[in-house]
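One structure below.
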Amino acid sequence: MTVTFSDLHTESGLKSLNEYLSGKSYISGDQISKDDIKVYGAVLVNPGGAFPNAGKWYDSVSSQLASSFPGKACGVRVGAAAAAPVAKEAAGDDDDDDLDLFGDETEEDKKAAEEREKAKKQSAKKKESGKSSVLLDVKPWDDETDMAALEKAVRSIDMPGLLWGASKLAPVGYGIKKLQIMLTIVDDLVSVDSLIEEYLTVEPCNEYIQSCDIVAFNKI
């Protein structure tokens, strides 16, 4: 049987310990053991009257440890912030607050740890995902190309992470004008090269569009 205590520096963790110790004097068995020392090391202060079972257990362990180590702790002062890593070291834990007693790590524990690690990676990836502002030059085939229809074809492209912005017509020469258009993209979702090659310069847009050039590309 595996008993796990979590976050023993919090009220919810102490409540769980207090409930477990109802009708018990020690964590396992009828006398103090290494299990008690392990849990004791993770409890920062005496739980006190709010958790009577845990408080009674804490006093019992404290008194037995005191008899083994006489004298006063004159050279060490322990506060809440400093106690947390000491408690973990005493408990022999890794990087989480769980205390696993009476056995090795179970399959459920391994699965939960994997899920936590996966969630951390996904969260980190979301934080790293940025946006970019892009200015495109969209050139028509000739001076007879319907530029209003060309712009409509460009803006008809809709995909997650793509937002079309302001636009204007700029002269190229010989009566030909090009469309200059701004767009904002989410970097993880949209590739500008793919947008040009797979959408803007193929059917049906290539009826109006001869070519596209990236004029400016800036991270936001």
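Test of the criteria: in region 10-47, which trypsin sites (Lys or Arg not before Pro) are in a DSSP loop and have at most 16 other Cβ atoms within 10 angstrom of their Cβ?
Passing both the DSSP loop test and the Cβ count: K24.
Stretch K56-S156 to full length: gain in nm at 0.36 nm per residue minus the Cα-Cα span?
In short, 28.8 nm is gained.
In square angstrom, rounded to the nearest 10, how much accessible surface does F217 have for a 1.4 Å probe?
100 Å²
Which cross-chain or sequence-distant (5 or more) residues have an amide H under 5 Å from the amide H of K177, H modelled 1.01 Å from N in plane?
V172
On a 24 Å Cα-Cα criterion, which of the cross-link pairs K139/K168; K38/K121; K15/K121; K34/K118; K38/K118 come out too long?
Long pairs (Cα-Cα over 24 Å): K38/K121; K15/K121; K34/K118; K38/K118.
Mind checking the full-extension length gain between N46 and E108? Use 0.36 nm per residue of separation minus the Cα-Cα distance, one decimal, nm.
19.2 nm
Based on the Cβ-Cβ distance from W141 to T184, what FRET efficiency comes out when R0 is 35 Å, to the nearest 0.05?
Between W141 and T184 the formula returns 0.80.
Could you give the spread of the C-alpha atoms of region 106-220 along their three principal axes, from largest to smallest, in whole angstroms?
Dimensions of region 106-220 along the principal axes of its Cα atoms: 75, 27, 16 Å.
The values are calculated or read from the model by the stated rules, or taken from the named source; none is laboratory data. Bear in mind the structure is a predicted one, so any value in this text is a computation, not a measurement. FYI the Cβ positions are ideal-geometry reconstructions off the backbone, even for glycines, and counts take in every protein chain you see. Please note that ligands, DNA and RNA were not included when accessible areas were found on the heavy atoms of the full protein model with its side chains. Shrake-Rupley method; radii C 1.70, N 1.55, O 1.52, S 1.80 Å.
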